[in-house]
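The values are calculated or read from the model by the stated rules, or taken from the named source; none is laboratory data. Remember, predicted model here, so these are calculated numbers, not experimental data. Glycine also receives a Cβ, built like all others from the backbone with ideal geometry; neighbour counts cover every protein chain displayed. Heavy atoms of the whole protein, side chains included, go into the accessibility calculation; ligands, DNA and RNA do not. Shrake-Rupley method; radii C 1.70, N 1.55, O 1.52, S 1.80 Å.
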Amino acid sequence: MEARDQELKKELAATLHARGELGAEYEAALIDSFLEKVEQRLDTTLDRQVRRQLAEQQVTAARGARPTQPGSFGERHGLGIVSLVLAVPLSAIGVANAGIEGLVVAWLGIVGVNAFQTARNGQLFRRRDERAISDWKD
């Protein structure tokens, strides 16, 4: 990647040098030419990355393994862990201030936040879809 950066730096230097020699009337054409070269670089880089990802997905599918979910264990389950840790003090505060109703409200809040986060990430619906697909495979 470093060599490609050097090539772009050389292209930019050549464009700036040509602009100095040709003058401001050719500035738009020189800029368009340079941007076209940058765009071609981006296209080839993106194309290579997309092909690599598709190849990895095909290899994973060919092996019969399920694709891994993005993120580490902490990223996927962090909110659930934190809410369980905070459930004890929230429950105590709810019971101390409002009795059993406070306990119920605290736990409804904990469950609601976790359900919302799960639905927002699409994990709730993804599991249903995976079950439906696996039923057809058997």
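For beta carbons closer than 6 Å, sequence separation of 6+ or different chains, a first residue in the stretch 34-63 that is closer than 30 Å to R19 by Cα and a second that is assigned to a helix (DSSP H, G or I) and open to solvent by less than 90 Å² (accessible area, probe 1.4 Å), the qualifying pairs are F34/T15; K37/E11.
Among the residues of the stretch 2-26, those identified as open to solvent by 70 Å² or more (accessible area, probe 1.4 Å) and among the acidic types (D, E) are E2, E7, E21, E25.
When A65, A28, A87 are checked against the criterion of being at pLDDT 85 or above and within 30 Å of T118 (Cβ to Cβ), A87 stands alone in meeting it. Out of the residues in the stretch 30-51 meeting the condition of being surrounded by 12 or more Cβ atoms within 10 Å (Cβ to Cβ) and of a type outside the set (D, E, K, R), tell me which one is farthest from E11 (Cα to Cα). Of everything passing the filter in the stretch 30-51, T45 is farthest from E11 (Cα to Cα).
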